Amino acid sequence: MIPSTTVGWIVIGVGTVVLAFATLVGVLVVLVFVGGPSAEAVCGDRVLQAAPSNDRAFDPRWESLDDFLDTGVPDTLDLEEDVVTARARAFLELEHDIDEIVGLVICFFGPEESGGLGEAEVRGSVAIPVLPDVNAKIRGRMDLGGEHPILEITDIGLGSLPGFVTSGVESGIEDAINEALEDVNLRHRYGLEFRDGFARVNGQPR
């Protein structure tokens, strides 16, 4: 069963991206396994404390938001990077179909211009049998205002592959992720804004 939480949607997207990129390994093996996105649990100058116990803070807060929206009144929820990262890691431990992803880190960055929505960045290492791990990332935004989530990718990285290689497959990967997200039904409508260190969910009753 696909989880109906923001963390679940993000992780499913990351897993799809990482597995799709794995097909490039045979062609660009040297660039893939050398360098690439950082695997450290840091977001800019912020060090995350994503202890396993932190994942307990996510579910009750999200459920409280949805329960309040059920009353017909809008509400807002702020989710910190370390809480979301810990919850995503706990999700991955239970989701064996995408257990190739390790060291997951989720970062939130505010917009460069006033009034923007900011971006989220998800990083992790892909464990490939026999071969070294591959560092990967996806950066973008997600529209939660409709019946299903819609992902907009703004940047993808895999190892040290040059940008022109990853941009060539970006739209295809985005389409594949959004096709998978059609199975996720949103309980309410949510406006999603990213600020440095946290994501703000502006809930509107459906």
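For the reader, a short list of remarks on this structure follows.
- The residues of segment 124-153 that are at pLDDT 85 or above and out of contact with any helix residue (DSSP H, G or I) (no Cβ under 9 Å at 6 or more places or on another chain), listed by number, are ARG139, ARG141, ASP143, GLY145, GLY146, GLU147.
- Residue pairs meeting the criteria (Cβ under 6 Å; at least 6 apart or on separate chains; first of a type in the set (A, V, I, L, M, F, W, C), in segment 161-182; second at pLDDT 65 or above): ILE177/LEU151; LEU181/HIS148; LEU181/PRO149
- Close pairs (6 angstrom Cβ cut-off, 6 or more residues apart or separate chains): more than 15 Å from GLU121 (Cβ to Cβ) and in contact (Cβ under 8 Å) with a residue 24 or more places away in the chain in segment 45-57, among the charged types (D, E, K, R) and surrounded by 16 or more Cβ atoms within 10 Å (Cβ to Cβ) anywhere: GLN49/ASP82; ASN54/ASP82; ASP55/ARG87
- Residue match in segment 50-73 (condition: surrounded by fewer than 20 Cβ atoms within 10 Å (Cβ to Cβ), among the small types (Gly, Ala, Ser) and modelled with pLDDT of 85 or more): yes
- PHE108 meets the conditions (1) under 15 Å from the mean Cα position of the chain (by Cα); (2) modelled with pLDDT under 85 in every case but one. The failed one is (2).
The values are calculated or read from the model by the stated rules, or taken from the named source; none is laboratory data. Quantities reported herein were computed from a predicted structural model and do not represent experimental measurements. For neighbour counting, all protein chains shown are included, and Cβ atoms are generated from backbone atoms with ideal geometry for every residue, glycine included.
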